[in-house]
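This report refers to the structure that appears directly beneath it.
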Amino acid sequence: MRVIGVDPGTRVCGFGILESENGKLTHIKSGSIVPPSSNSLPQRLKTIYEGLNQVIKRYLPEAMSIEGLFFAKNAKSAIKLGEARGVAYLAAALSGMTVHEYAPTEVKLALTGRGRANKTEVQKMVTSIFGIKDWGKTDASDAVAIALCHINFSQTKERYGVEVKRTRRRRRRFLLNDLPS
């Protein structure tokens, strides 16, 4: 299975391609697409689409795994991130790939064992797995982590015949009886 992981963004869009065959994991290519900051948003989205399209046509991945939305403090940033994700979805759909979405905490948990790990911890783990010292931008290592997360989830499904249940963490609500008297 060959998977492309995408860490979407309008300033930097990271990608990472991994292949898993007979239990052997191989890093094929990773990098980032950086549109000129002087370009308008539509032009940056076009650059990201064309860059992802070139990577997809060259390396022919079977599936795309992409980082899901998270709650941003800035609504404008969240909307721009959604637009970049839309461009990645379009590139995948036009090339006939399936798309799998993973929350940032799921990716971090799958790689480091902690859902609240920072980017440096994720990058260190990906570096130790693949032995790549220089990632350029952290978006490239994040994209590789997203692809690795998908490979792990799909191998579990293939091995055990069941999909890994990804539950939402629920906050415990305290009732009046829970308070000490």
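Things to note:
- Residues in region 1-56 that are touching a residue at least 12 places away in the same chain (Cβ under 8 Å) and polar (S, T, N, Q): 7 in all.
- Criterion (in contact with a strand residue (DSSP E or B) (Cβ under 9 Å, 6 or more places away or on another chain), exposed (fewer than 14 other Cβ atoms within 10 Å of the Cβ) and not β-branched (Val, Ile, Thr)) met by exactly one of 86, 113, 68, 131: 131
- Out of 133, 157, sole residue that is assigned to a helix (DSSP H, G or I), over 15 Å from residue 6 (Cα atoms) and at pLDDT below 90: 157
- Residue count for region 8-29, restricted to those that are surrounded by fewer than 16 Cβ atoms within 10 Å (Cβ to Cβ), on the phi < 0 side of the Ramachandran plot and of a type in the set (S, T, N, Q): 1.
- Criterion violated by residue 49 - all others in (1) modelled with pLDDT of 95 or more; (2) surrounded by fewer than 16 Cβ atoms within 10 Å (Cβ to Cβ); (3) at negative phi satisfied: (2)
The values are calculated or read from the model by the stated rules, or taken from the named source; none is laboratory data. What you are looking at is a predicted structure, and each value in this text was computed from that prediction instead of being measured. Counting neighbours? That spans all protein chains shown, and the Cβs are built from the backbone with ideal geometry, glycine included.
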